[in-house]
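J.: Let me begin by handing over the structure; questions about it come next.
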Amino acid sequence: MSTTTHDVIDPATEEVVTTVTLAGVEETDAAVARAVEVGPAWRAVAPADRGMLLRRFADLVEEHTEELARLEVRNAGHTIGNARWEAGNVVNVLRYYSAAPERLFGRQIPVAGGLDVTFREALGVVGIIVPWNFPMPIMGWGMAPALAAGNTVVLKPAELTPLTAMRIGELALEAGLPEGVLQVLPGAGAVVGERFVTHPDVRKIAFTGSTRVGQGIMRGAAEHVKRVTLELGGKSANVVFADADLDKAAAAAPMSFLDNAGQDCCARTRILVQRSVLDAFMERFETAVRDVVVGDPGDEATQMGPLVSERQRETVRGYVDGTDGHDAVDVAFRGSAPEGAGWWYPPTVVLPSGTEDRIWREEVFGPVVAVLPFEDEAEAVAMANDSAYGLSGSIWTRDVGRALRVSRGIEAGNLSVNSHSSVRYSTPFGGFKQSGIGRELGPDALDAFTEVKNVFISTED
């Protein structure tokens with residue numbers, strides 16, 4: 001067995017929370033073998049009983065919401081308010097998909113000479129690779145529909161943030177899920193994640209993370225014609241038109257890019273403001289940014305905590321201060337952040353020189369937002385679409401017709417009008433272009449975890 005370990009660090013204090021043993025290739029192969037072995041029995045569980053187990057699982061996670069939230073505060077530096085929502089999201093997603101086993105419908109298709117029916121059948125073993133920015137929700141988004149469809153799951157949490165996934169895995173067993181149906185394997189992506197990709201018995205990969213890693217997974221999966229769902233990067237636009245309620249738009253803008261310290265693929269890190277109201281918006285926006293409370297993530301009043309690691313902070317700092325031959329970017333204003341221990345970075349608003357600037361085009365993944373003006377609706381859509389990404393975005397306007405036109409014009413999978421809400425467990429989530437392939441959540445999520453089998457029964461004499 002592997003003896004590799006990893007120290008889990010509290011991002012707010014830089015203190016060691018615990019040391020986790022990391023799985024190697026042998027442990028990963030053993031877990032996949034267990035998942036294969038128990039797969040037939042799990043698929044044979046009656047749909048109603050499988051749903052009951054998922055509801056029991058949800059109930060147990062709900063009972064441990066505060067424990068899980070406090071664990072996430074120390075493990076990932078999330079604010080306690082966010083962490084409670086994230087644990088609650090796992091509960092909601094499990095309950096939502098607990099109804100799915102009894103509604104995994106096929107179809108009867110009219111044909112000549114007989115009866116034709118389709119069935120939706122489990123793929124087998126599903127490998128889920130979870131990122132460090134939202135460990136609990138993204139775990140739930142993958143495992144709940146996969147389990148509901150009758151698959152067994154091997155799940156790799158991020159090396160930096162494995163603790164809540166490990167605890168949820170324990171709760172699954174306490175809830176009565178059979179051994180081997182859901183296995184959590186802390187480990188390095190280059191070891192455990194890579195083995196998920198290359199192992200012939202892992203039939204599907206659900207990955208959330210960077211575009212670069214997602215491209216590698218897609219290349220590796222091609223060798224086995226392995227199914228993939230990829231939720232990758234984002235550089236989402238927040239488009240503010242002159243007719244918008246500027247007070248509301250400016251008040252909502254800070255947390256559209258500061259939630260989870262900006263470590264969010266859906267963060268609205270490009271703000272496009274119609275030129276005629278740019279100054280009025282920026283005046284209001286500056287006040288709102290400076291009012292954001294950055295500090296101890298365990299404090300109920302805190303709105304933004306630290307970045308997840310020193311490496312991530314240095315990456316963010318490099319985008320603003322300049323690095324690797326890139327110039328520093330003009331800073332319009334900043335909020336505040338604690339000094340001393342912890343990987344803090346203040347909320348920062350920058351003014352790029354144009355749409356070709358690196359900070360306008362690349363995903364910073366930190367509490368930094370870039371602002372540029374636009375002249376009219378056509379230019380706003382063109383600027384929003386001038387990106388390799390297409391995950392999310394927001395549109396602020398009082399004109400319903402404009403809201404619909406711009407929504408249809410922007411190439412992104414999840415758009416909000418007069419809001420920054422991107423994710424609901426009952427609606428599909430996913431991106432256009434290099435933001436990913438496939439959709440998670442919503443009523444059709446089980447499609448990605450099942451195969452369609454067609455059966456024709458002759459009725460001819």
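The values are calculated or read from the model by the stated rules, or taken from the named source; none is laboratory data. Everything numeric here is computed off the predicted structure, so don't read it as measured data. Cβ coordinates were reconstructed from backbone atoms using ideal geometry, including for glycine residues, and neighbour counts include every protein chain displayed. Keep in mind that these areas ignore ligands, DNA and RNA; they rest on the heavy atoms of the full protein, side chains included. Shrake-Rupley method; radii C 1.70, N 1.55, O 1.52, S 1.80 Å.
J.: May I ask you to verify whether VAL371 is closer than 17 Å to ALA253 by Cβ, open to solvent by 10 Å² or more (accessible area, probe 1.4 Å) and at pLDDT 95 or above?
T.: When the stated conditions are applied, VAL371 does not pass them.
J.: Can I ask one more? Could you grab the pairs with beta carbons closer than 8 Å, sequence gap of 6+ or different chains, first residue in the range 268-279 and assigned to a loop (DSSP other than H, G, I, E, B), second one basic (Lys, Arg)?
T.: The qualifying pairs are THR269/LYS235.
J.: Taking ARG313 as meeting all but one of (1) within 19 Å of VAL329 (Cβ to Cβ); (2) among the basic types (Lys, Arg); (3) open to solvent by 60 Å² or more (accessible area, probe 1.4 Å), write down the number of the exception.
T.: (3)
J.: Residue check: is SER392 surrounded by fewer than 17 Cβ atoms within 10 Å (Cβ to Cβ) and within 25 Å of the chain's Cα centre (by Cα)?
T.: No; evaluated as a whole, the condition is false for this residue.
J.: Still on this structure, I have one more. If I filter the range 112-160 down to residues being in a strand (DSSP E or B) and small (Gly, Ala, Ser), which single residue comes out as farthest from GLY24 (Cα to Cα)?
T.: GLY114
J.: Select from the range 211-265 the residues that are modelled with pLDDT of 95 or more, closer than 30 Å to VAL73 by Cα and among the polar types (S, T, N, Q) and write down the one among them that is nearest to the chain's Cα centre (by Cα).
T.: Per the stated criteria, the residue is GLN263.
J.: Select, from ALA69, ALA58, the only residue that is over 21 Å from PRO443 (Cβ atoms) and either open to solvent by less than 10 Å² (accessible area, probe 1.4 Å) or among the acidic types (Asp, Glu) (or both).
T.: Unique residue meeting the criteria: ALA69.
J.: Could you tell me whether the range 42-52 includes any residue that is farther than 22 Å from TYR97 by Cα and surrounded by 14 or more Cβ atoms within 10 Å (Cβ to Cβ)?
T.: Checked against the condition, which is being farther than 22 Å from TYR97 by Cα and surrounded by 14 or more Cβ atoms within 10 Å (Cβ to Cβ), the range 42-52 yields no hits at all.
J.: Could you check how many residues of the range 167-178 are open to solvent by less than 20 Å² (accessible area, probe 1.4 Å) and not in a helix (DSSP H, G or I)?
T.: Selection size over the range 167-178: 1.
J.: Then there's this: When only residues in the range 340-375 that are among the acidic types (Asp, Glu) and in contact with a strand residue (DSSP E or B) (Cβ under 8 Å, 6 or more places away or on another chain) count, which is nearest to THR211 (Cα to Cα)?
T.: That would be GLU363.
J.: Can you confirm whether the range 115-138 contains a residue that is surrounded by fewer than 24 Cβ atoms within 10 Å (Cβ to Cβ), among the hydroxyl-bearing types (Ser, Thr, Tyr) and without any contact (Cβ under 8 Å) to a residue 60 or more places away in the chain?
T.: no
J.: So, one more: Can you name the residue in the range 256-267 that is in a helix (DSSP H, G or I) and not hydrophobic (A, V, I, L, M, F, W, C) and, of all such residues, is most open to solvent (accessible area, probe 1.4 Å)?
T.: ASP259
J.: Under 6 Å by Cβ, and 6 or more places apart or on different chains, what pairs join a residue from the range 20-45 that is in contact (Cβ under 8 Å) with a residue 60 or more places away in the chain with one that is in a helix (DSSP H, G or I) and not β-branched (Val, Ile, Thr)?
T.: VAL25/ARG195; THR28/ARG195
J.: How many of the residues in the range 179-216 are in contact (Cβ under 8 Å) with a residue 40 or more places away in the chain, hydrophobic (A, V, I, L, M, F, W, C) and not in a loop (DSSP other than H, G, I, E, B)?
T.: 8
J.: Looking only at the range 95-109, decide whether some residue is under 30 Å from LEU307 (Cα atoms) and either at pLDDT 95 or above or in a strand (DSSP E or B) (or both).
T.: Taking every residue of the range 95-109 in turn, none turns out to be under 30 Å from LEU307 (Cα atoms) and either at pLDDT 95 or above or in a strand (DSSP E or B) (or both).
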